[in-house]
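Below you'll find the structure, written out as structure tokens, and then a few comments.
The values are calculated or read from the model by the stated rules, or taken from the named source; none is laboratory data. Predicted model, so just to flag it, every value in this text is computed and none were measured. In this analysis, Cβ positions are derived from the backbone assuming ideal geometry, glycine residues included, and neighbour counts consider all displayed protein chains. Note: areas computed on protein heavy atoms with side chains; ligands, DNA, RNA excluded. Shrake-Rupley method; radii C 1.70, N 1.55, O 1.52, S 1.80 Å.
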Amino acid sequence: MISTDSFKQEYLASIAANCASPLEECSDREKYEALVALIMDCCSSIRAETGKRHRQSGEKRVYYFSMEFLIGRLLRNTLMNLGIEEMVEQGLSELGVELDALCECERDPGLGNGGLGRLAACFMDSLATENICCTGIGIRYRFGLFKQRIVNGEQLEEPDDWLENGYPWENCRADEAVTVPFGGYLERREENGRIFFEHKGWRGVQAVPYDLPLVSFGGSSVNRLRLWYARPLRHELDLAAFNRGDYSLAQKSDNDAQAITCLLYPDDDTPAGKQLRLEQEYFFVCAGIEHVLRRFREQYGSNWALLPEKVAIHTNDTHPALCVPELMRRLMDDEGLGWDEAWDLTCRTVSFTNHTVLPEALEKWSIELMQQLLPRVYLIIEEIDRRYREGFDRSLPNWYERWKNTAILWDGSVRMANLSVIGAHSVNGVAALHTEILKQSVFADFYALTPEKFNNKTNGVSHRRFLRESNRELSRFISERIGEGWLTDARELEKLLTFTEDENALRELMHTRALNKQRLCAYIRRDFGIECDSESVFDVHVKRIHGYKRQLLSAFKVLSLYNELKENPQADIPPCTFIFAGKAAHSYSFAKEVIRLICAIADRVNGDRDIGGRLRVVFLENFGVSMAQRIYPAADISEQISTAGKEASGTGCMKFMFNGAVTLGTLDGANVEIREQVGEENISIFGLRADECETLRSEGGYDAAAEIAADPRLGRFVEQLTDGSLGAQFWLIRSALLSQNDEYFVLRDFAPYMEAWRRLAGEVGSMGYARKCLVNIARSGVFSSDRTVGEYCREIWQV
């Protein structure tokens, strides 16, 4: 640990080396970059020692392939992990520099969208802290998903130009670039009884790696997040096209290459969009597998029998499913292994996490597209499928149905989830309920055939980022009572249970929550121009906008409460602030319409003086990690109200729980396990269960019109959707509820939802509610990603 004076000297030296002006004349951006440069030097030294230690020990390396890594801002997080946050803050203050101002210069990297990417980032944090050698493999998106703006109540998408001013945390490793081939054709030849394929006529794209340091808590090790960026192999210009004025065509090869890493999840409604999505997936898989094998060869040469002992390749959902055939391709075509040996090594090296039960999210690609774009990879997939079919046990009951459901190639499509299961030694779900649904429904036939592959690994989140970094007041409250051991062993939070009857402790806990609510109000006022009452109930629903996540149910609750207050100004409804945030996929019309409805309700409620400000509705645009870290500490009610059986796990519920918010939710995803931890009295559960939802679906749904007829509140707000009273009409939503018979059971669950909400909202601020908050914090330790990655290490990766 260096002294404050030593830090100041080194920081001033960094200013001199990186800025053209003295400190007092530098912009906050320049001061930020000089500080990051200093930290990067420190990280490089630790990384060198970490790499040396890992090489000497010969320990197994984990390679975590994911399309998303939602890492958030790194400055304060890295200072915290290095153990120098307070010292740096003090040193900067003595130099007249505010650390908070420098943190605000940093933008959220556009590397993800939702829970998939945030989970991957939490895992990387925990793996470093647990001293597990791990490299994250992903894509360096030039413009991320999109920047969300709300204009006239509607979501508009703009490019997220997060790299506009560069990104000082990354290190370009152009010397380790990889060539990724697309298209072309195969020539077959036979030598010494073996068949070989030569790939010819392909067009290449250069994958350039950018490395980011991810520091362990305590600063003893640094792991690497390697993000691949697409560039043309060589800059080409069609001079004839340029001279006739067709400038786009003239640089088509450059543009096509750069498009691969331009956006996260480009629209795949068109043939060109589908091709681009498949190009993205193969691009980072091909480059990542080359990196894996290069590192292996450096240490173990061509002793490929050691591969499963020294390497674990984990595919985070189906996007990296091509790891299976790509690893086969490299082992056979480049290293000369036979099929049987390569297949054995591949299956023992690769593992797979499924993150969804939604059929539309289980990727499929057309055979024709795969053949054209990846001819050699497709040929390997075809052979995997052929051998799987030929080896299928046809003596099994209903063998044909199982064979059809588990084959990789069927009905003109390549089924990536089936490829992932067949090519992996382990398949896990991410919550107990989710894993059971996989076993009994989504992958029921696979589970019947290979039950030993399937296991559950309930998700977890980094409590250091989402509690220690995000909520310093609460962290101080905890450490003063139980010490700081919880920072590396989250289960120590259970020691807080001894304070559940300590009224002084409960009052202080509520005081920390009040400070966080005041801080969030100030942020909303500053950035969105909306005044909120910090003494009101903060009811928070922040996550990706989707039908099954049921932001619509939340919106109907607000509208119903508003209607009640209009009819009876003396109604027993506590002052409430309803906070919404989240992005809708740019092509998901229903989700975008729900945002428009929430904004219309906000305009109506916030502008009505008759209700005396008792209700306030805010939709915070462009939700991301840094915004989430402001919101979680201030929430009273954590809305986790997905249709039962649809949410794989959810991690937002865990982040709220670490910060003491009480969950209002269905028995879905990780809510089931939260209830097991805190007890029924410390969570508010309502609504249909997963099996009840499935029964209703099998019976053709339910009569939504009858529900409306039975509950006047439903009839009222369904009419408001189209009668103009909200300043707009919402026929798409009305149609989803009535003509499409309410696929997500919004109307069916409305009455029990309102009953549960009233009970919980009425308790907020009481001593009983404070006790619930403390129990939730105390029981949250099991949802640390440290616990989750420990289970992956022991039970899947064998690290």
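Just to make sure I understand: if all protein chains stay in place, what is the order of K404, K772 by accessible area at 1.4 Å, largest first? Display every interim value, and only then the final one.
Numbers: K404 55, K772 35 Å².
Ranked from most to least accessible, the order is K404, K772.
The distance separating the Cα centre of the stretch 98-113 from that of the stretch 1-41 comes to 18 Å. The convex hull of the Cα atoms of the stretch 249-336, projected and averaged over all directions, covers 7.4 nm².
Considering only protein heavy atoms and a 1.4 Å probe, what is the carbon-and-sulfur percentage of the accessible area of the stretch 47-179?
Numbers: 1920 of 4660 Å².
About 41 percent, which is the carbon plus sulfur part of the accessible surface.
Just going by the charge dipole of the stretch 75-155, with Lys and Arg at +1 and Asp and Glu at -1 on Cβ, which of L111, G91, L127 is farthest out on the positive end? So the residue we want is L111. Three principal axis extents describe the C-alpha atoms of the stretch 538-652; from largest down they are 41, 31, 27 Å. For A312, the residues whose amide H sits under 5 Å from its own are R61, V62, Y63, ignoring neighbours fewer than 5 places away on the same chain, with H placed 1.01 Å from N. Per residue, the solvent-accessible area of the stretch 301-385 (1.4 Å probe, heavy atoms of protein chains only, all protein chains present) comes to 31 Å².
DSSP assigns beta bridges within the chain; of those with both partners inside it, close to 45 percent run antiparallel. Annotation: S560 carries an accessible surface of approximately 10 Å², with a 1.4 Å probe and no ligand, DNA or RNA atoms counted. With every protein chain in place and a 1.4 angstrom probe, the accessible-area ranking of K495, K200, largest first, reads K495, K200.
Provide the packing ranking of 648-656, 625-633, 390-398, i.e. peptides ordered by the mean count of other C-beta atoms within 10 Å per residue, highest first.
On the way: 648-656: 27.6, 625-633: 21.6, 390-398: 9.4.
By packing density, highest mean first, the sequence is 648-656, 625-633, 390-398.
Computed over the chain, the per-residue total of -39500 (n - 2.57) for DSSP H runs of n ≥ 4 gives a 222 nm mean residue ellipticity of -14000 deg cm²/dmol, rounded to 500. Mean sequence separation of contacting Cα pairs (under 8 Å, at least six apart), scaled by the length of the chain, corresponds to a relative contact order of 13 percent.
Relative contact order (percent) for the stretch 72-215, with alpha-carbon contacts under 8 angstrom and 6 or more residues of separation?
Details: 159 pairs, mean separation 28.3, N = 144.
Relative CO of the stretch 72-215 lands at 20 percent.
Rounded to the nearest 20 debye, the dipole size of the chain about its Cα centre is 700 debye, using +1 on the Cβ of Lys and Arg and -1 on the Cβ of Asp and Glu.
Of the residues D344, D572, the one with the largest accessible area comes first in the ranking D572, D344, computed with a 1.4 Å probe on protein heavy atoms.
Let a ≥ b ≥ c be the square roots of the eigenvalues of the Cα gyration tensor of the stretch 490-554; is it rounded (a/c under 1.5), or, if not, prolate (a/b larger than b/c) or oblate?
Details: a/c = 2.67, a/b = 1.43, b/c = 1.87.
Note, shape of the stretch 490-554 comes out oblate.
In this structure the stretch 591-654 gives 26 Å² per residue of accessible area when probed at 1.4 Å with all protein chains present. Per-atom-type breakdown for the stretch 451-573 gives carbon and sulfur 43% of the accessible area (1.4 Å probe, protein chains only).
What number comes out for accessible area per residue over the stretch 407-493 if the probe is 1.4 Å? Units Å², please. Can you show the working numbers first?
Values: 2740 Å² over 87 residues.
Value returned for the stretch 407-493: 31 Å² of accessible area per residue.
Net charge dipole, the stretch 1-69: roughly 640 debye, given to the nearest 20, about the Cα centre with Cβ charges of +1 for Lys and Arg and -1 for Asp and Glu.
Sorted from greatest to least, the principal axis extents spanned by the alpha carbons of the chain come out as 90, 72, 65 Å. When the listed pairs K557/K772; K404/K453; K252/K310; K60/K147 are checked against a 31 Å cut-off, the alpha-carbon distance exceeds it for K252/K310; K60/K147. How much of the DSSP bridge set in the stretch 1-157 is antiparallel, in percent, rounded to the nearest 5? DSSP beta bridges in the stretch 1-157 are roughly 50 percent antiparallel. I195 contributes an accessible area of around 80 Å² to the protein surface, as traced by a 1.4 Å probe with all chains present.
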